[in-house]
Amino acid sequence: MRAQPIDKHPENKGSDIGFLSMMRNKNMRLLVVSCIVLQMSQQLCGINAVFYYSSSIFKGVITNPLVGTTLVSAVNVVATYVALLLMDKLGRRTLLLWSTGGMLFSCVILVLSLLHYFSNMTALIAVNAYVSFFEIGLGPIPWLIVAEMFDAKYVTIAMSASSQLNWACNFIVGILFPYMNAYLGPYTFVPFAAVLLLAFLFTLIWLPETQGTTPEELQAELVAKNSTTIYHNVSITTESFSNPIDLEWRKAIDQVRKDEEEAMRAGTFNYGFEPIAGENYISSSDRSNNTTDWQANIAGPKVMNENQ
């Protein structure tokens, strides 16, 4: 009967998949921060301020604010369908850059229109462009990217934390927007533009591309990218330390073996000898007849006569 190992800390079993454990894991920290930033940006960009208070936003811009509200809802539906077409053709990171950049530009045009630098019709177009750019990137991707960043055992924790944070930011925007509109007036969308600028910079500098990669490949890429100490292109910031020289030799041997296999498949591999063909070929009967000749040359004719 084989003895079973004793678990000295049974209460810690499964505790390594908590949210704080994910934050302490150097390989996953940037992924968790990315989820947090995207969820906060999705709400703090002010999209629900447009949906919740579109009538007050369009008041004074067009004669009937309800027409503007209906138009925004229609644009939202059409832009969602466009997002379905673009989602698998372009990378997540690319769509987020287009989304945040387009929303930022729309915010600037909207503020300038409210300051009467442009017409009221330009303000209406800017609001609809703002909603359209939201739906192609910053709307769906923060939810989609969670499942692509983490293993299955971490997805529930990450999705739960993302949902709570998203609704908390939604509540904050819904409560504060009337006060912002009262005190800031035409500059109401300036804080939202600042959030979009930060989201654009974060996506451009730190956010990894998740399309077509597994969570393991994504974590390995982040470790290699963000490592601070490198020996011969081998990072030593991973959790399990290995001798850099051993890793370098292993990589070199694997590359040699890969090159040899490719040469064998292509028929160009050098086996170290010339193929037997043409006049250089010697049959087995000729080799048996010539056996006594080279034996006589080595041992001498006297020894050969005695053996015979």
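The values are calculated or read from the model by the stated rules, or taken from the named source; none is laboratory data. Note that the coordinates shown come from a computational prediction; the quantities given were computed from them, not determined experimentally. Note that we place each Cβ from the backbone using ideal geometry, even for glycine, and neighbour counts take in every protein chain shown.
Worth a mention:
- Residue within region 88-98 that is exposed (fewer than 13 other Cβ atoms within 10 Å of the Cβ) and at pLDDT below 85 present: yes
- If you go through region 127-158 and keep only what is out of contact with any Cys (no Cβ under 9 Å at 6 or more places or on another chain) and among the aliphatic types (A, V, I, L, M), you end up with 127, 129, 131, 136, 141, 144, 147, 152, 155, 157.
- Taken together, 195, 173 contain a single residue that is farther than 30 Å from residue 89 by Cα, modelled with pLDDT of 90 or more and either assigned to a helix (DSSP H, G or I) or in the same structural domain as residue 88 (by TED's automatic domain parsing) (or both), which is 173.
- Per this entry, residue 150 is not counted among residues that are in the same structural domain as residue 53 (by TED's automatic domain parsing), more than 23 Å from residue 18 (Cα to Cα) and buried (at least 18 other Cβ atoms within 10 Å of the Cβ).
- Per-region count, region 105-126, residues surrounded by 21 or more Cβ atoms within 10 Å (Cβ to Cβ) and within 30 Å of the chain's Cα centre (by Cα): 2
- Residue 188 being of a type in the set (Val, Ile, Thr) and closer than 28 Å to residue 77 by Cα: yes
- Of all residues in region 137-173, those that are among the charged types (D, E, K, R) and touching a helix residue (DSSP H, G or I) at 6+ places or on another chain (Cβ under 7 Å) total 2.
- Of the candidates 159, 180, the single residue that is outside any loop (DSSP other than H, G, I, E, B) and surrounded by fewer than 18 Cβ atoms within 10 Å (Cβ to Cβ) is 159.
- Yes/no for residue 71 being of a type outside the set (Val, Ile, Thr), assigned to a helix (DSSP H, G or I) and touching a residue at least 24 places away in the same chain (Cβ under 8 Å): yes
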